[in-house]
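The values are calculated or read from the model by the stated rules, or taken from the named source; none is laboratory data. Computed from a prediction, not measured in an experiment: that's the story for all the values here. Glycine gets a Cβ as well: all are built from the backbone with ideal geometry, and neighbour counts include every protein chain shown.
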Amino acid sequence: MAKFPILLHIPGHLWVDASQGILPVALVRLKETFDMTYFQMGLVTAILNISSSVIQPNLRIHLRPIPAGMVSPYGILWTAVSMGLLGWAPNYTILLLLVVWPDSERPLSTPGG
């Protein structure tokens, strides 16, 4: 029975890790849609990586008192929705917000931060 909670984290980690791989594939299509330059594409990727490095550790410090199991489902859903909305982003600014949004969730879905 103790293995069941661990098994529930597998699909969550799979989705959260897949969100890192979705962006390069989506950027090919989004470049055409928004007529982005390579600088703008690089900025989207840089924001994703910077938010992973800065937001995650800082948010996890503040969320440490909350048990990870209580917020994990919300974090996974948060990532799924934001990455799913990338294709419907109406403009470049919303695209940047959707890229930052799932990274602010990752500390919620990973017990170790």
Review point. From the list PRO57, PRO102, PRO111, PRO107, which residue is assigned to a helix (DSSP H, G or I), more than 21 Å from ILE22 (Cβ to Cβ) and either at pLDDT 75 or above or of a type outside the set (Phe, Trp, Tyr) (or both)?
Key: PRO57
**Study point:** Complete set of residues in the stretch 34-53 that are modelled with pLDDT under 90 and either charged (D, E, K, R) or over 12 Å from LEU96 (Cβ atoms) (or both)
**Key:** ASN49, SER52, SER53
Point to revise | Subset of the stretch 60-99 (residues that are within 16 Å of the chain's Cα centre (by Cα), modelled with pLDDT under 85 and surrounded by fewer than 17 Cβ atoms within 10 Å (Cβ to Cβ)) | key: VAL71, PRO73, TYR74, LEU77, VAL81, GLY84, GLY87
